[in-house]
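Take a look at the structure below.
The values are calculated or read from the model by the stated rules, or taken from the named source; none is laboratory data. None of these values were measured; they are calculated from a predicted model. A quick note on method: Cβ atoms are made from the backbone with ideal geometry, for glycine too, and the neighbour counts reach across all protein chains shown. Side chains are part of the model used for accessible areas, which takes the heavy atoms of the whole protein and leaves out ligands, DNA and RNA. Shrake-Rupley method; radii C 1.70, N 1.55, O 1.52, S 1.80 Å.
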Amino acid sequence: MANVTMDKIVNLCKNRGIIFQGSEIYGGMGNTWDYGPVGVEIKNNLKRAWWKRFVQEDSSTYGVDAAILMNPRVWDASGHTQNFSDPKMDCKKCKQRFRADNLIEEYSKGSISAEAMTNEEMEKYISENQIKCPHCGNFDWTPIRQFKLMFETSRGTLDGDKDIVYLRPETCQGEYVNFLNVQRSMRAKVPFAIAQIGKSFRNEITPGNFIFRTIEFEQMELQKFCKEDDSFNFYNDYKTKAMQFLLDLNFSPEHLKFHDHDKLAFYAKAACDIFYLFPMGWSELNGIHHRSTHDLTRHQEFSGKSMQYLDPITNEKYIPNVIEYSIGADRLMLAVLTEAYNEETLEDGETRVVLKLHPALAPYKVAILPLQKNLGTKATEVYKKLSKTFMCTYDESGSIGKRYRRQDEIGVPFSVTIDFETLENDTVTIRDRDTMAQIRLKIDEIEDYIKPRIQFN
Ligand code: GAP
C-alpha cells in the first residue's frame, strides 16, 4: 500500500471497471456508487469469504436474508425512531454541512473518538482547536443540531392513506426478530449465532472518502446469542476472529489496530472497533459489541412475544446475551483495495501498478491471452474449458506487456499465454502476478495448478 492516496484508488476504480460514480451521466448522486464488472466480482468474493469463514465453517451459525422493510415497531424497539441522528454543523460561510464527530476524528487523525462525546464536548473541542471548514477553510460554525438518519418511505394503496416505513439502517434487527424462528425451526441450542449480509441505508450527509461512508451500503453482521456466564469469552473470541479474518485476507498487522470504546451505551458491557489505516488516516473498519440482553428484551417488550430461551438440560429460562460482530462490505472493499495497491519500479525503469489481492478475492482468477490474434481459436477453446471452473477474462488487444499490466492493475493472479508452441503440444505459459515468473504447463494441468492457489482458508 506504499504511497497510496484516495485519488489513486478512485481513478483506478473508475478506469478499470471497479467502481463508478452513481448516476454519473446525470451529474451523479452524492454518496452513491455503482460497482462495475470488475468491482462486483471482488465484492462478491469478499462476501463469499466472510460467509465461508463465519457461517459455512461454524456449525452453530445460521444464515438468514431478512426483509429490508420491517414493521415500524421494530425501529421503536431498537430506539432508532427516537435516537438515530447525527450531530451536524453547517459552515455559515460556504453553507456546507458536516458531522461534528467526523471533523474531530479527521482533525485528530483518528486519535480521538468523538462517538461518546456530548454535543457540548464536541463544540468545545472544535472551538478550542479552531477546527476549520474542510471545504472553504473558514472557522464560522452553526451550533450542533441533530439530523435524522433513517430514510422514510411509505406504503398504502390510496394517497392520504399511507403509513411511513423505513429503509433499514442496519441489518441486525432482522437477526433479532428471527431469534425465535431460527431457534425453533433449526432446533438451535444456545449458544448459537444468526448471520446475514444485506443492504442498509442511512441518510449520511458527510461528503467524501469514496465508499467509506455512503447512504446505501452492505453490512455483514452476526449476532451470537449466549448465556451471560459465557458472554465475555464470546466477545473476546469474536475480537480475535474478526482480526484473524483480516490477517488471512493478507492485511498487514501494522495497518490494523483494536480500538476499545471508553464510554459505553447504557446497556453495553463492552465494545471495540478494529481500525484500519485508510488513505485518509486511521478509521473504523468494523465493530464487536457486547450488547447484554438489551435487544431481545426490547423486542419482547414491544412485540409482546417472550424471547426467553428454555435450556433443555438445566430447564433454566433466560433471555440470551448478544455479542454482535458487524462489518461493512463496502468499507472492507475500500480497505482491501488500499491494502492491495502497489506501485513497483521494474528493471526497465517503468512503473507497474499491481493489486496484490488475496487470490480468493481476485475478480478473475485467470486471464487468457493469445500471443497473436490468429491464435484466437485455440485461446477461445482454453477460455471455454477454464471458465467452467474459474472466472476468466480474455484479452487479445495490445502488446503482451501491456496486457500483463492491465491484468496486474485489477489483481488477476494468473495469466495464461497461448503461443505457437501451444498448437504443437498443448502447453501454455502461466505467469504469476506477484513474482512475474512464468512456467510452462499442459492445458490439462492448469486447473489443478490454480485451484489450491486461490483458496481462502
Ligand atoms: N448493527 C450495528 C451497526 O450497524 P455500526 O457501527 O453503525 O453498527 C457497523 O455499523 C459497520 O457497518 C461499520 O463498522 C462499517 O463497517 C459499516 N458502516 C456503517 N455505516 C456505514 C456507511 N454509512 N457506509 C458504509 N459502511 C458503513
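The table below gives the values:
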item	result
Glu324 being touching a residue at least 24 places away in the same chain (Cβ under 8 Å) and assigned to a strand (DSSP E or B)	yes
Condition met for Ala270 (within 12 Å of the ligand (Cβ to nearest atom), free of Cβ contacts under 8 Å to residues at least 40 places away in the same chain and open to solvent by 10 Å² or more (accessible area, probe 1.4 Å))	no
Flag for Arg213 being assigned to a loop (DSSP other than H, G, I, E, B), of a type outside the set (Gly, Ala, Ser) and out of contact with any Phe, Trp or Tyr (no Cβ under 8 Å at 6 or more places or on another chain)	yes
Qualifying position, being within 15 Å of the ligand (Cβ to nearest atom) and closer than 25 Å to Leu277 by Cβ, among Tyr166, Tyr238, Tyr176	Tyr238
Every residue from region 295-333 that is in contact with a Gly (Cβ under 9 Å, 6 or more places away or on another chain) and closer than 21 Å to Asn233 by Cα	Glu324, Tyr325, Ser326, Ile327
Number of positions in region 396-431 that are open to solvent by 20 Å² or more (accessible area, probe 1.4 Å) and assigned to a loop (DSSP other than H, G, I, E, B)	6
Unique residue being at pLDDT 90 or above, aromatic (Phe, Trp, Tyr) and within 20 Å of the chain's Cα centre (by Cα) when the list is Phe179, Phe201	Phe201
Test: residue in region 279-290 that is free of Cβ contacts under 8 Å to residues at least 24 places away in the same chain and among the hydrophobic types (A, V, I, L, M, F, W, C)	no
Hits in region 316-370 - residues which are closer than 27 Å to His290 by Cβ and more than 16 Å from the ligand (Cβ to nearest atom)	Glu316, Lys317, Tyr318, Ile319, Pro320
Complete set of residues in region 136-154 that are open to solvent by 80 Å² or more (accessible area, probe 1.4 Å) and either at pLDDT below 90 or aliphatic (A, V, I, L, M) (or both)	Gln146, Lys148
Test for Phe390: is it closer than 20 Å to Asn250 by Cβ and among the aromatic types (Phe, Trp, Tyr)	yes
Qualifying residue in region 365-376 (condition: touching a residue at least 40 places away in the same chain (Cβ under 8 Å), open to solvent by 10 Å² or more (accessible area, probe 1.4 Å) and under 30 Å from Leu334 (Cα atoms))	yes
Any hit, region 33-43, residues being closer than 28 Å to Leu264 by Cβ and open to solvent by less than 50 Å² (accessible area, probe 1.4 Å)	no
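Here is a yes/no grid of residues against (1) of a type in the set (Lys, Arg); (2) farther than 18 Å from Phe201 by Cβ:
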residue	(1), (2)
Ile19	no, yes
Asp34	no, no
Pro37	no, yes
Glu41	no, yes
Trp50	no, yes
Asp58	no, yes
Arg73	yes, yes
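One line per residue, one yes/no per condition, for (1) open to solvent by 20 Å² or more (accessible area, probe 1.4 Å); (2) touching a helix residue (DSSP H, G or I) at 6+ places or on another chain (Cβ under 6 Å); (3) farther than 19 Å from Val182 by Cβ:
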| position | (1), (2), (3) |
| --- | --- |
| Asp295 | no, yes, no |
| Asp311 | yes, no, no |
| Ile319 | yes, yes, no |
| Met333 | no, yes, yes |
| Leu337 | no, yes, yes |
| Ala340 | no, no, yes |
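A quick yes/no check of all residues on (1) within 9 Å of the ligand (Cβ to nearest atom); (2) open to solvent by less than 20 Å² (accessible area, probe 1.4 Å); (3) in the same structural domain as Lys14 (by TED's automatic domain parsing):
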site: Arg184; (1), (2), (3): no, no, yes
site: Ala193; (1), (2), (3): no, yes, yes
site: Gln196; (1), (2), (3): no, yes, yes
site: Arg202; (1), (2), (3): yes, no, yes
site: Phe210; (1), (2), (3): no, yes, yes
site: Phe217; (1), (2), (3): yes, no, yes
